[in-house]
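The values are calculated or read from the model by the stated rules, or taken from the named source; none is laboratory data. From a predicted model like this one, the values you see are computed outputs, not experimental measurements. Note: ideal-geometry Cβ built from the backbone for every residue, glycine included; neighbour counts use all protein chains shown. Please note that ligands, DNA and RNA were not included when accessible areas were found on the heavy atoms of the full protein model with its side chains. Shrake-Rupley method; radii C 1.70, N 1.55, O 1.52, S 1.80 Å.
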Amino acid sequence: VGAGLGGSAVAYFLQQHFGPQVQLDVYEPVGVGGRLATVTVNKQQYESRGASIHALSLHMQDFVKILGLKHRREVAGKSAIFSGEHFVLEETDWYLLNLFRLWWHYGISFLRLQMWVEEVMEKFMRIYKYQAHGYAFSSLEELLRSLGGDTFVNMTQRSVAESLLEVGVTQRFVDDVIAAVLRSSYGQSVLVPAFAGAMSLAGAQGSTWAVEGGNKLVCSGLLKLTKANVIPARVTGVSLHSSEGRALYQVHYEGSEGQGSAFYDMVVVTTPLHPSRSNFTFENFEPPIADFPGAFQPSVTSVVHGYLNSSYFGFPDPKLFPFASILTTDTPDLFFNTMDNICPVNISAAFRRKQPQEAAVWRVLSQQPLDKQQLKTLFRSYYSVQVTEWQAYPRYDAAKSLPPIVLHENLFYLSSVEWVASSMEMIAVAAKNVALLAYNRWYQDLEKIDQKDLMHKVKTEL
């Protein structure tokens, strides 16, 4: 259910494990790609949402290789953090000068941050080894515990601010830098859980990349590769039937030709089931499938083609404005989270970034739609504004516990992973886990599910 990255990746992994004879139907009412969407400005396409992929995203790297896609050419640009009145931190072309500025402003906080993020990432990378050996996890808690013990599970219940202050990062660094990164990635504050925060900070520190032609090509490519049957309809619910002692699921849907239903051995839901996002029903399940607590964070993307008002940022002469990306601190008066001077999804060898005094395409992320006055504050004038409102990420402060992966015997909930952390790679990891879990459960290979001390097992298998 859903043809975003989760739906297309799980279709691919299910076929890999069950073999080419498996019949796959993918229900998608809007269009393949989900949140990986583009907008067109002046006959050029630009990423409107899921824009960058971390260098350590091994599943995404694999997809690009398998599908014969390419990495988009990088166009350098400097970043800065804005407080609403002045820039609290500015990037330069000089790596050493950047380091010196960080040290001058924040002491060794940035080194402590780096060590903390690296330790989390090093343990997280174990998942690829486990998955390569066919191991799967029936709950998010089991998955986290196998990677980083109870520490990882606890990191979903305490804030990133608390965890960083504990390892000696200063409050000032948290307020200036960490807050800016989290506003830019999740549109939320430093109260997001430590694990989600660590994943976001890893993306901000490491090198990132994107797919030439648009990240959504990964979704359409995987569905084409698996020859999945994409059905343009919205799933309204799932009801349980049984046949010869095995669960059979009836999927109910609404399409342009009215309502319909179909029966399946297995169903994977890859769209959020939280009340603010769906009115999905489950029938005939005993015990009934519980409601999912929590809410989603609304986010607004405004893609603006216009002339930046650099004087708002303290640069009366637009020619001197040096930044391609502006992050913001958590200041009550600031009406936007981040803005980037973005490049098209197809970058030719001759492409150059627009000069600051020229009209450029900017992507502005905010919590509310920008009104005319706010647009006027950011831009001297503009040719076009395209606004996309979407329920982007879980409201992390609202989550008390993690949602389940297994809803019933062969009914799985892939989107639950977003409550641990939300990124393209996390969804790809969850897709592989659900496919392995489904396969191991179907063939009753219980030795491959929720195994303890996996690090030791995998070493001995090697």
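Among the residues of the range 228-243, the ones that are open to solvent by 50 Å² or more (accessible area, probe 1.4 Å) and more than 17 Å from N284 (Cα to Cα) come to 4 in all. Within the range 228-246, the set of residues being touching a residue at least 12 places away in the same chain (Cβ under 8 Å) and either under 19 Å from N410 (Cβ atoms) or not hydrophobic (A, V, I, L, M, F, W, C) (or both) comprises A228, N229, P232, R234, V235, T236, G237, V238, S239, L240, H241, R246.
For the range 172-183, check the following and say yes or no: at least one residue is open to solvent by less than 30 Å² (accessible area, probe 1.4 Å), touching an Asp or Glu at 6+ places or on another chain (Cβ under 7 Å) and among the aliphatic types (A, V, I, L, M). Yes: one or more hits. Put simply, of V39, V88 the only residue that is among the aliphatic types (A, V, I, L, M) and farther than 16 Å from V364 by Cα is V88. Of the helices (runs of 4 or more DSSP H) lying entirely inside the range 1-110, those carrying at least 1 residues that are among the charged types (D, E, K, R) and either free of Cβ contacts under 8 Å to residues at least 40 places away in the same chain or surrounded by fewer than 17 Cβ atoms within 10 Å (Cβ to Cβ) (or both) are 58-66, 95-106.
Within the range 434-452, being within 28 Å of the chain's Cα centre (by Cα) and acidic (D, E) holds for one residue alone: D450. Can you find, within the range 257-299, the residue that is surrounded by the fewest Cβ atoms within 10 Å (Cβ to Cβ) among those that are assigned to a loop (DSSP other than H, G, I, E, B) and of a type in the set (A, V, I, L, M, F, W, C)? Ranking the qualifying residues of the range 257-299, first place goes to A290.
Inspection of the range 417-434 identifies no residue that is in a strand (DSSP E or B), in contact with a strand residue (DSSP E or B) (Cβ under 9 Å, 6 or more places away or on another chain), within 27 Å of A196 (Cβ to Cβ) and open to solvent by 30 Å² or more (accessible area, probe 1.4 Å).
Only one entry in G107, G77, G68, G134 is more than 28 Å from L378 (Cβ to Cβ) and in contact with a Ser or Thr (Cβ under 7 Å, 6 or more places away or on another chain), namely G107. Being aliphatic (A, V, I, L, M) and under 30 Å from H71 (Cβ atoms) is a property that does not hold for L273.
For every residue, the table says whether it meets (1) touching a Pro at 6+ places or on another chain (Cβ under 7 Å); (2) modelled with pLDDT of 95 or more; (3) not hydroxyl-bearing (S, T, Y).
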position	(1), (2), (3)
Q131	no, yes, yes
T156	yes, no, no
L182	no, no, yes
Q205	no, no, yes
W209	no, no, yes
